[in-house]
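Participant: Below you will find the structure I want to go over with you.
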Amino acid sequence: MVKPVRKAVLPVAGMGTRFLPATKAVPKEMLPVVDKPVVQYAVEEAMKAGIEQFIFVTGRGKHIIEDHFDHAYELEALLRERGKTEALNGLLEDLPVTGSVSFTRQQRPLGLGHAVWSARHLVGDEPFAVLLPDDLMIGEPSCMAQMIEAYHRVGGGVIVAAEEKPLEDVSRYGVITPGVVRGDAIEVKSVIEKPKPEAAPSRLCVIGRYILQPEIFAELDKHETGAGGEIQLTDAMARLIGRMPFHGVKTNCARFDCGDKVGFLQANVAVGLTRPDIAPSLRKIIDQFTRS
Ligand code: UTP
């Protein structure tokens, strides 16, 4: 019996330099895919997986993320006054339960590993999920639900190593050395962050979803820097392999990198085309642009 995964860490302290100038004053996690900020999709995905507590690791200039998960009294009063019941109910339904959301700060953006380490006291001594909101995962069951299902079978650490990337792209990701395949779970024999293509052990790349054991914090405590001079989560995981099982899971979810301009546009089109209220007009516009 493995311990249940009740908590999720959402690191949102990155600077979003790939999306400037939009991200100068607006956190990239608040950019909308159709009509919802990117970060809300991650929270909904985690909720569908049974996560009960959401721990955001924020930084300076990110306070509007806190506001997004709070009541907006003036707006709610105005919607009520104008009889816009549907919009009002939508806002209220999206609010997480009081006390289920907490925020801590990563005072300096020293890397993803450091961001996760910043949440150590809020996580405590139990397994936890990590969701990088700019990786938008669309599919049913939710990506995190698929991972938790696999975790209950294999235990230890679980990462999404969903994507077999072209060799020239692997140097942007963590890459795994695959071992034994157990259904949808692949044993991870080692993992390396941003390898040169010629040094990549495979083309199976890690994307922004993890289930980790609290032992990761002792590794992150060492504050060792890796690729790009950052404290890398991948390096801490790599040091744990051998002391506990690690598996990669392939999901059937579509992934959109919303931290990248083209990935973000792609997400808007893909999600827009699934929305009955938007799809017909969007399809017409796409036809207009692609007809020439
Ligand atoms: P990214 O590398 O995609 O985020 O980190 P970034 O640094 O904001 O992006 P660019 O490359 O400059 O555009 C993946 C995730 O880790 C978080 C980011 O917010 C994102 O969710 N992160 C990264 C932190 O919280 N702190 C950090 O120090 C670095």
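The values are calculated or read from the model by the stated rules, or taken from the named source; none is laboratory data. These figures come from a predicted structure and were not determined experimentally. Virtual Cβ from ideal backbone geometry, glycine too; neighbours counted across all protein chains shown.
Participant: Can you find a residue in the range 211-224 that is farther than 22 Å from Pro133 by Cβ and within 16 Å of the ligand (Cβ to nearest atom)?
Facilitator: Yes - at least one qualifying residue is present in the range 211-224.
Participant: Can you name the condition, by its number, that Val2 falls short on among (1) closer than 28 Å to Val262 by Cα; (2) of a type in the set (A, V, I, L, M); (3) modelled with pLDDT under 95?
Facilitator: With respect to (1) closer than 28 Å to Val262 by Cα; (2) of a type in the set (A, V, I, L, M); (3) modelled with pLDDT under 95, Val2 is out only on (1).
Participant: Let me ask something additional. Using beta carbons and a limit of 6 Å, which pairs, at least six apart or on different chains, have the first residue in the range 101-116 and assigned to a strand (DSSP E or B) and the second one within 6 Å of the ligand (Cβ to nearest atom)?
Facilitator: Filtered contacts from the range 101-116: Thr104/Val57.
Matching residues to (1) within 12 Å of the ligand (Cβ to nearest atom); (2) within 22 Å of Gln107 (Cβ to Cβ); (3) of a type in the set (A, V, I, L, M); (4) surrounded by fewer than 18 Cβ atoms within 10 Å (Cβ to Cβ):
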residue: Met1; (1), (2), (3), (4): no, no, yes, yes
residue: Thr17; (1), (2), (3), (4): yes, yes, no, yes
residue: Val38; (1), (2), (3), (4): yes, no, yes, no
residue: Ala72; (1), (2), (3), (4): no, no, yes, yes
residue: Ala87; (1), (2), (3), (4): no, no, yes, yes
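Participant: Search the range 35-69 for residues being closer than 18 Å to Leu122 by Cβ and in a loop (DSSP other than H, G, I, E, B), and hand back the single one that is nearest to the chain's Cα centre (by Cα).
Facilitator: Among residues in the range 35-69 that are closer than 18 Å to Leu122 by Cβ and in a loop (DSSP other than H, G, I, E, B), the one nearest to the chain's Cα centre (by Cα) is Ile51.
Participant: Also: Taking into account only those residues within the range 131-162 that are in contact with a helix residue (DSSP H, G or I) (Cβ under 6 Å, 6 or more places away or on another chain), among the aliphatic types (A, V, I, L, M) and not in a helix (DSSP H, G or I), which is farthest from Glu44 (Cα to Cα)?
Facilitator: Across the range 131-162, the extreme among qualifying residues is Val158.
Participant: Take the range 241-258 and flag every residue that is in contact with a helix residue (DSSP H, G or I) (Cβ under 6 Å, 6 or more places away or on another chain) and crowded, with 20+ Cβ neighbours inside 10 Å.
Facilitator: Answer for the range 241-258, where residues must be in contact with a helix residue (DSSP H, G or I) (Cβ under 6 Å, 6 or more places away or on another chain) and crowded, with 20+ Cβ neighbours inside 10 Å: His247, Val249, Thr251, Cys253, Phe256, Cys258.
Rundown of residues vs (1) at pLDDT 95 or above; (2) surrounded by 11 or more Cβ atoms within 10 Å (Cβ to Cβ), yes/no style:
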| site | (1), (2) |
| --- | --- |
| Leu78 | yes, yes |
| Arg82 | yes, no |
| Pro96 | no, yes |
| Ala115 | yes, yes |
| Glu140 | no, no |
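Participant: With the structure loaded, tell me whether Pro197 is more than 16 Å from the ligand (Cβ to nearest atom), out of contact with any helix residue (DSSP H, G or I) (no Cβ under 6 Å at 6 or more places or on another chain) and either of a type outside the set (Phe, Trp, Tyr) or without any contact (Cβ under 8 Å) to a residue 24 or more places away in the chain (or both) or whether it fails that test.
Facilitator: No.
Participant: Now a separate question. Scan the range 22-31 and give yes if some residue there is surrounded by fewer than 12 Cβ atoms within 10 Å (Cβ to Cβ) and either modelled with pLDDT under 95 or over 25 Å from Pro276 (Cβ atoms) (or both), otherwise no. Talk me through it step by step, then tell me what you get.
Facilitator: At the first step, the residues of the range 22-31 found to be surrounded by fewer than 12 Cβ atoms within 10 Å (Cβ to Cβ) are 24-25.
Checking which are either modelled with pLDDT under 95 or over 25 Å from Pro276 (Cβ atoms) (or both) leaves us with 24-25.
Yes; the residues of the range 22-31 include at least one that is surrounded by fewer than 12 Cβ atoms within 10 Å (Cβ to Cβ) and either modelled with pLDDT under 95 or over 25 Å from Pro276 (Cβ atoms) (or both).
Participant: Of the residues Glu193, Glu230, which single one is farther than 27 Å from Ile51 by Cα, in contact with a Gly (Cβ under 8 Å, 6 or more places away or on another chain) and either surrounded by 20 or more Cβ atoms within 10 Å (Cβ to Cβ) or modelled with pLDDT of 95 or more (or both)? Outline the logic, then answer.
Facilitator: Details: Glu230 fails: either surrounded by 20 or more Cβ atoms within 10 Å (Cβ to Cβ) or modelled with pLDDT of 95 or more (or both).
Just one listed residue meets the conditions, Glu193.
Participant: Now for a separate question. Could you grab the pairs with beta carbons closer than 8 Å, sequence gap of 6+ or different chains, first residue in the range 207-235 and under 20 Å from Gly156 (Cα atoms) and in contact (Cβ under 8 Å) with a residue 60 or more places away in the chain, second one of a type in the set (D, E, K, R) and within 12 Å of the ligand (Cβ to nearest atom)?
Facilitator: Ile207/Asp135; Gly208/Asp134; Gly208/Asp135; Arg209/Asp135; Gln232/Glu193; Thr234/Glu193; Asp235/Glu193
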